[in-house]
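The structure appears below as structure tokens.
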Amino acid sequence: MSAKKIAPKTSLGTLVLSAQFADCLWPVLLVLGLEQVRIVPGITRVAPLDFISYPISHSLLLQLVWGLLLGGACFFWRRDLRTALVIGTLQSYIL
């Protein structure tokens, strides 16, 4: 929500989605078989998921790539450099 002060023309939904993009992308990659998780009852109190491999959605290098892609798409769509930089930074920063 603090990013809204930097890019006031951008909707809060867009800012939240850009910050949570990796977590929204992960289930899709999991269903496609590109990332792996195991169900182990009792492994944690909250969820029985043992994260084995998620190199596409949460790796440092690809977080930077996703940030560049999202920022670039935003710039292409809106032609607003400030908003594009904020969206790309939000995506890359949430590691």
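The values are calculated or read from the model by the stated rules, or taken from the named source; none is laboratory data. Please read all numbers here as calculations on a predicted model, not as lab measurements. Neighbour counts run over all protein chains shown; Cβ positions are idealised from the backbone, glycine included. Surface areas here come from the heavy atoms of the whole protein model, side chains and all, with no ligands, DNA or RNA. Shrake-Rupley method; radii C 1.70, N 1.55, O 1.52, S 1.80 Å.
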Let me know the charge dipole size of the chain about its Cα centre in debye, to the nearest 20, where only the beta-carbon of Lys, Arg (+1) and Asp, Glu (-1) is charged. 440
Choose one of G67, V37, S11: the residue whose Cα lies farthest towards the positive end of the charge dipole of the chain (beta-carbon charges +1 Lys, Arg; -1 Asp, Glu; about the Cα centre). S11
Among 74-85, 37-48, how do they line up from the highest to the lowest mean number of other beta-carbon atoms within 10 Å? 74-85, 37-48
Would you work out what percent of the accessible area of segment 12-91, with all protein chains in place, is carbon or sulfur (probe 1.4 Å)? 71
Between the residues Q20, S57, T89, the Cα farthest towards the positive end of the dipole of segment 12-91, that dipole coming from +1 and -1 charges on the beta-carbon of Lys, Arg, Asp and Glu, is from T89
Highest mean first, what order results for 12-19, 59-66 on Cβ atoms within 10 Å? 12-19, 59-66
For the R45, L12 Cβ pair and Förster radius 30 Å, calculated FRET efficiency rounded to 0.05 is 0.45
Restricting to Cα pairs under 8 Å and 6 or more apart, the percent relative contact order of segment 12-91 works out to 30
Helix-derived mean residue ellipticity, 222 nm - over the chain, DSSP H n ≥ 4, -39500 (n - 2.57), to 500: -17500 deg cm²/dmol
Once R78 and R38 are pulled to full extension, the length gained, defined as 0.36 nm per residue separation minus their Cα-Cα distance, is 10.4 nm
Hey, what D do you get for the chain in µm²/s if you plug the Kirkwood alpha-carbon radius into Stokes-Einstein at 20 °C and 1.002 mPa s? 149
